[in-house]
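A short write-up of the structure that comes next.
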Amino acid sequence: HTRRKIEIIIDAPLAPRVTALIDRLGATGYTLFQSIGGRGAEGEWREDQLTGAQQKVLIKIIANDQTADTLVESLAAELERYSCIIYVSTVEV
């Protein structure tokens with residue numbers, strides 16, 4: 001079956017807000033991954049175990065086309081003022 005995979009990289013404190021939105025919009029599930037570091041436009045970052053201030057979370061969702069379109073549109077609007085990345089790809093399940 002062809003489905004869409006949505007991947008969101010976001011600051012960890014925003015993860016509950018994003019997962020609540022995913023639930024409200026009808027996705028049947030998601031998976032959260034903790035990140036330990038990376039590099040982006042703002043430079044390199046590492047997870048700070050003392051405060052968690054820079055910790056990032058990767059959220060992966062597999063959905064049908066209609067749910068994926070609704071999710072991406074709603075997530076983009078909800079997260080436009082935050083630093084995040086949303087990837088969308090087509091996958092075989």
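Any idea which of (1) open to solvent by less than 40 Å² (accessible area, probe 1.4 Å); (2) within 12 Å of residue 22 (Cα to Cα); (3) at pLDDT below 90 is the one residue 52 doesn't satisfy?
If we test residue 52 against (1) open to solvent by less than 40 Å² (accessible area, probe 1.4 Å); (2) within 12 Å of residue 22 (Cα to Cα); (3) at pLDDT below 90, just (2) comes out false.
Which pairs turn up if I take residues in the range 16-32 that are under 16 Å from residue 77 (Cα atoms) and look for partners that are surrounded by fewer than 17 Cβ atoms within 10 Å (Cβ to Cβ) and at pLDDT 90 or above with beta carbon separation below 8 Å, at least 6 apart in sequence or on another chain?
Partner pairs satisfying both residue conditions: 19/32; 25/70.
Take the residues of the range 10-45 that are part of a strand (DSSP E or B) and at pLDDT 90 or above: which is nearest to residue 67 (Cα to Cα)? Show your work before the answer.
Initial filter on the range 10-45 (part of a strand (DSSP E or B)): 10-11, 31-34, 37-40, 43-45.
Filter again for at pLDDT 90 or above, leaving 31-33.
Numbers: 31: 16, 32: 19, 33: 22 Å.
Per the stated criteria, the residue is 31.
If I go through the range 1-18 residue by residue, how many of them are in contact with a Phe, Trp or Tyr (Cβ under 9 Å, 6 or more places away or on another chain) and farther than 13 Å from residue 30 by Cβ?
3
Answer yes if at least one residue in the range 76-90 is at pLDDT 90 or above and touching a Phe, Trp or Tyr at 6+ places or on another chain (Cβ under 8 Å), and no otherwise.
Within the range 76-90, none of the residues are at pLDDT 90 or above and touching a Phe, Trp or Tyr at 6+ places or on another chain (Cβ under 8 Å).
Can you find even one residue in the range 62-73 that is modelled with pLDDT under 70, of a type outside the set (S, T, N, Q) and open to solvent by 80 Å² or more (accessible area, probe 1.4 Å)? Lay out the reasoning, then the answer.
First pass over the range 62-73, keeping only residues modelled with pLDDT under 70: none.
There is no residue in the range 62-73 that is modelled with pLDDT under 70, of a type outside the set (S, T, N, Q) and open to solvent by 80 Å² or more (accessible area, probe 1.4 Å).
The values are calculated or read from the model by the stated rules, or taken from the named source; none is laboratory data. Treat the numbers as computed from the prediction; the structure is a model and nothing was measured. Backbone-built Cβ (ideal geometry, glycine too); neighbour counts: all protein chains shown. Heavy atoms of the whole protein, side chains included, go into the accessibility calculation; ligands, DNA and RNA do not. Shrake-Rupley method; radii C 1.70, N 1.55, O 1.52, S 1.80 Å.
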